[in-house]
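Here's the structure, in structure tokens; my notes come after.
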Amino acid sequence: MSNLAEEILRKAKASGLKITCAESCTGGMISAAITDVAGSSAIFEHGFVTYSNGAKQSMLGVSQKTLADHGAVSEPVARQMAKGAMQQAQADIAISVSGIAGPGGSDFKPEGRVCFALASAQGTQSETKDFGALGRAAVRKAALNHALNLILVHLNLAH
């Protein structure tokens with residue numbers, strides 16, 4: 001993780017970009033990975049851990065209708081989380097993650113399903129990954145790694 005986070009810091013700092021995170025199932029792991037790197041304060045001021053629907057609404061402006069229509073683990077919610085975090089943190093890039101780390105899940109939303117969104121001045125993209133029932137720790141680690149990679153890809157394309 002540290003190599004990814006170090007590369008994110010280097011590229012974002014060179015571009016003068018601020019990054020924020022809106023995390024649900026990762027519980028702050030993405031923010032921690034970024035801030036584990038010395039000098040990260042140049043690109044990261046704060047992030048959001050919005051584990052509950054109420055926190056997603058009050059901190060990030062996710063709409064009750066979107067939550068009701070799609071559920072917390074959905075791309076529409078992930079997109080609203082990323083947009084809300086970017087606005088609240090006055091950041092240039094926001095990554096959001098909402099998923100089912102396990103144990104458990106359902107036929108419609110199985111364990112290991114994680115929705116991601118990345119918001120920037122270029123717009124907001126989202127995607128869903130099914131990591132499978134790897135166990136809670138492994139799903140969270142896979143989500144962390146994927147989120148860091150999404151940020152890095154975006155930074156590489158922005159250059």
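Any chance region 114-127 includes a residue that's modelled with pLDDT of 95 or more, more than 12 Å from A22 (Cβ to Cβ), of a type in the set (A, V, I, L, M, F, W, C) and under 16 Å from the mean Cα position of the chain (by Cα)? Looking through region 114-127, at least one residue is modelled with pLDDT of 95 or more, more than 12 Å from A22 (Cβ to Cβ), of a type in the set (A, V, I, L, M, F, W, C) and under 16 Å from the mean Cα position of the chain (by Cα). Looking across region 93-142, just one residue is of a type in the set (D, E, K, R), free of Cβ contacts under 8 Å to residues at least 24 places away in the same chain and part of a loop (DSSP other than H, G, I, E, B), and that is D107.
Taken over region 67-90, residues that are surrounded by fewer than 17 Cβ atoms within 10 Å (Cβ to Cβ) and of a type in the set (D, E) amount to 1.
If only residues of region 28-49 that are part of a loop (DSSP other than H, G, I, E, B) and more than 14 Å from L4 (Cα to Cα) are counted, the one that is farthest from the chain's Cα centre (by Cα) is G39.
For the condition open to solvent by 10 Å² or more (accessible area, probe 1.4 Å), among the polar types (S, T, N, Q) and farther than 29 Å from E7 by Cα, S106 qualifies.
If you scan region 35-49, which residues turn out to be in contact (Cβ under 8 Å) with a residue 40 or more places away in the chain and touching a strand residue (DSSP E or B) at 6+ places or on another chain (Cβ under 6 Å)? Hits for region 35-49 are G47, F48. Candidates in region 145-159 are the residues that are at pLDDT below 95 and part of a helix (DSSP H, G or I); of these, the one that is nearest to M86 (Cα to Cα) is A158. For region 114-128, the tally of residues that are within 11 Å of E75 (Cα to Cα), out of contact with any Phe, Trp or Tyr (no Cβ under 7 Å at 6 or more places or on another chain) and not hydroxyl-bearing (S, T, Y) stands at 5. Evaluating A22 against the criteria (1) within 28 Å of G135 (Cα to Cα); (2) surrounded by fewer than 15 Cβ atoms within 10 Å (Cβ to Cβ) leaves one unmet condition, (2). Picking from Q90, Q64, Q80, Q57, which residue would you name as being polar (S, T, N, Q), out of contact with any Phe, Trp or Tyr (no Cβ under 9 Å at 6 or more places or on another chain) and touching a residue at least 40 places away in the same chain (Cβ under 8 Å)? None of the other options fit; the residue is Q90.
Residues in region 125-141 that are open to solvent by 50 Å² or more (accessible area, probe 1.4 Å) and within 22 Å of H70 (Cα to Cα): Q125, E127, T128, K129, D130, F131, A133, R140.
The values are calculated or read from the model by the stated rules, or taken from the named source; none is laboratory data. Just so it is clear, the structure is predicted and the values come from calculations on it, not from any experiment. Cβ coordinates were reconstructed from backbone atoms using ideal geometry, including for glycine residues, and neighbour counts include every protein chain displayed. Heads up: the accessible areas ignore ligands, DNA and RNA and are worked out on the full protein's heavy atoms, side chains in. Shrake-Rupley method; radii C 1.70, N 1.55, O 1.52, S 1.80 Å.
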